[in-house]
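To start, the structure under review is shown below, and the notes come after it.
The values are calculated or read from the model by the stated rules, or taken from the named source; none is laboratory data. None of the values given here were measured: they were computed from a predicted structure. So basically every Cβ, Gly included, is an ideal-geometry build from the backbone, and we count neighbours across all protein chains shown. Quick note on the areas: whole protein, heavy atoms, side chains included, nothing else; ligands and nucleic acids left out. Shrake-Rupley method; radii C 1.70, N 1.55, O 1.52, S 1.80 Å.
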Amino acid sequence: MRADVPHAAPSPVELSEPHRHQRRVADLLGGACFERVLASVHTLPSDPGASTVDAVFGVRTPHEVVRRYLGEVLQVVERFDDFHVLALIDYAARFWPHECKEYRVADFEDDYRAVPAVLAAKGKALEANTRVPLNLDILWWRRDERREAITFGSDAQSPEQVARGFADAAALAATARFAPGHELNGLNDLWTRR
């Protein structure tokens, strides 16, 4: 959307790997008016360029992939400031190989905790994506940080998927003692610690 278009409704945008494309991202954000900017990671650096997270599982051990993924997410929140919400903190877990020992979020606690700590320091929100429900432990770790805030995203790929799973995500957030109705950096639909 162009900023000079009169009466254009603001819209959200999700930027994948914005820390790797800073000039292009700056050009996009400088020429538009987005009501919400989400930052996310869908690929990991590889030789040459980048590979999708699911493809990296075929090359590296599952634990190494998740740690590399969370390290890349941490780089996003440390090196990129022009966003409101971090999306898909647990995206790599979606591709955990079924033939491997069960995925345990606790195995990556230090890696997961590092991200919300930086988010809190920068006043950014964490998305609880409802396509694959966010692990309750991650919500508790988010809650441990000061100025914590979460929001929900359905990762909709079609109109009928919009807001799917929101009721379950809200119940999970309430279990972690988050409540609706708070504002952070201009976003007014956030849930924060009760």
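Three principal axis extents describe the C-alpha atoms of region 134-194; from largest down they are 35, 27, 14 Å.
Over the chain, the hull volume per residue, using the convex hull of the C-alpha atoms, is 132 Å³.
With N counted as the residues of region 7-99, its alpha-carbon radius of gyration over 2.2 N^0.38 Å works out to 1.19. The Stokes-Einstein estimate for region 47-103, based on a Kirkwood radius over Cα pairs and taken at 4 °C with 1.567 mPa s viscosity, is a diffusion coefficient of 104 µm²/s. Packing here is the average count of other Cβ atoms within 10 Å per residue, and on that basis the peptides 83-96, 117-130, 100-113, 59-72, highest first, run 83-96, 117-130, 59-72, 100-113. Compared with the direct C-alpha span, the chain from Arg24 to Asn188 gains 56.2 nm at full extension, assuming 0.36 nm per residue. Based on protein heavy atoms only, the chain ends up with 52 Å² per residue of surface accessible to a 1.4 Å probe.
Looking at region 90-194, the DSSP beta bridges with both ends there are about 65 percent antiparallel.
Distance between the pseudo-spin-label points of Ala156 and Cys100 (7 Å out from Cα toward the beta carbon): 3.3 nm. With Rh defined as the Kirkwood radius, the inverse of the mean 1/r over Cα pairs, the Rg/Rh of region 76-177 is 0.96.
Distant-in-sequence amide contacts of Ala149, defined by a placed amide H-H separation under 5 Å and a gap of 5 or more residues or a different chain, comprise Leu126.
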